[in-house]
Amino acid sequence: IIGDHAVVMPNATIVGPASIGAGTIVKAGARILEGTTVGPVCKIGGEVAESIFGACSNKQHDGFIGNSYVGEWVNIGAASNNSDLKNNYSAVRMWCAGSERETGRQFLGLLMGDHTKTGINTLFNTGTVVGFNCNIFSSELPGKFVPSFSWGHGEVITPYDLDKAMQTAAVVMERRNVRFTAAHRELFSSIFQIS
C-alpha cells in the first residue's frame, strides 16, 4: 500500500506486504522489505525489514533497521544500524519492566521511543530498548536499555536537559508545520519525571 502523495524515488525497491504512509518519501535506492510499515510524512532510505516507523520519522540514509519499532518524530543518522539476530541464533532477551526477559523470538531488533535522535554510524545491539527523547551518537554500542531523556554514547550516558529537549522537539515539529503546545510540554515533563 502506498499512501496519497507519497513519493517513491528512482531505484527504490519495496517488497510487499508493506505500507508506505501518505506524504512519505522513499529515498532513491532504498530497500524496503516485507513486513514493513512506514507512517505518514516520513523520509525512509537504506534497508528496512519487518519494522514499523511512526509518523514524521526519518531514516533517509544507508544503514539497516530490522525487526524493530521506531516511534514518531525520530531521526536516525546516516549509516546507523541495528542487529536483529544474535550470532548464536538463540532467542533474544529484551529489557521489560525493570529487567531483561526472554522474548522467545529469534529475530528482534530495536524499540525506539518518540523524539529520539541518533548520530551518524550509531549501532544498536539485538533487543535494545531506547526510551523517549534520547540523543545517542557514536559507533560504540550503548547498553541494551537506554532510559528516556538520555544523552551520550556507549556507556557514557547522562541525562538530557528537559528544556533543551523541548526546544529541539519544537524546532523539529515546526519543520513539519506542527506546533509544540502546552500539552506537549506537559507530556515531556511527565515522562521526564517518571524516568
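The values are calculated or read from the model by the stated rules, or taken from the named source; none is laboratory data. For clarity, every value in this text was computed on a predicted model and none was experimentally measured. All Cβ positions, even for glycine, are placed from backbone atoms using ideal geometry, and neighbour counts span all protein chains on display. Side chains included, ligands, DNA and RNA excluded: accessible areas come from the protein's heavy atoms. Shrake-Rupley method; radii C 1.70, N 1.55, O 1.52, S 1.80 Å.
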task: Mind telling me which of the residues Ser51, Ser57 ends up being in contact with a Cys (Cβ under 6 Å, 6 or more places away or on another chain), closer than 25 Å to Leu85 by Cβ and not acidic (Asp, Glu)?
output: Ser57
query: What do you reckon, is Ala97 among the aliphatic types (A, V, I, L, M) and surrounded by fewer than 14 Cβ atoms within 10 Å (Cβ to Cβ)?
result: yes
message: Here's a check for you: in the range 8-37, which residue that is among the hydrophobic types (A, V, I, L, M, F, W, C) and part of a loop (DSSP other than H, G, I, E, B) is surrounded by the most Cβ atoms within 10 Å (Cβ to Cβ)?
response: Ala30
field: Given (1) open to solvent by 50 Å² or more (accessible area, probe 1.4 Å); (2) part of a loop (DSSP other than H, G, I, E, B), index of the condition Ala79 fails
entry: (1)
Any strands (runs of 3 or more DSSP E) falling wholly within the range 120-161 and containing at least 2 residues that are surrounded by fewer than 19 Cβ atoms within 10 Å (Cβ to Cβ): 150-153, 156-159
task: For residues that are over 17 Å from the mean Cα position of the chain (by Cα) and of a type in the set (Asp, Glu), tally how many sit in the range 1-48.
output: 2
field: Where a residue in the range 179-195 is surrounded by fewer than 11 Cβ atoms within 10 Å (Cβ to Cβ) and its partner, wherever it lies, is among the charged types (D, E, K, R) and part of a helix (DSSP H, G or I), with Cβ under 6 Å and at least six apart
entry: none
- prompt: In the range 100-119, what residues are of a type outside the set (Ser, Thr, Tyr), within 29 Å of Ala170 (Cβ to Cβ) and either open to solvent by less than 40 Å² (accessible area, probe 1.4 Å) or in contact with a Cys (Cβ under 6 Å, 6 or more places away or on another chain) (or both)?
  reply: Leu110, Met112, Gly113, His115, Lys117, Gly119
message: Taking the conditions exactly as written (among the polar types (S, T, N, Q) and out of contact with any Leu (no Cβ under 6 Å at 6 or more places or on another chain)), does Asn125 satisfy them or not?
response: no
- line: Note on the range 85-94: residues over 30 Å from Val172 (Cβ atoms) and either touching a Gly at 6+ places or on another chain (Cβ under 9 Å) or open to solvent by less than 80 Å² (accessible area, probe 1.4 Å) (or both) are Leu85, Lys86, Ser90, Ala91, Val92, Arg93
Considering residues of the range 38-64 that are farther than 26 Å from Glu174 by Cβ and of a type in the set (A, V, I, L, M) only, the residue surrounded by the fewest Cβ atoms within 10 Å (Cβ to Cβ): Ala49
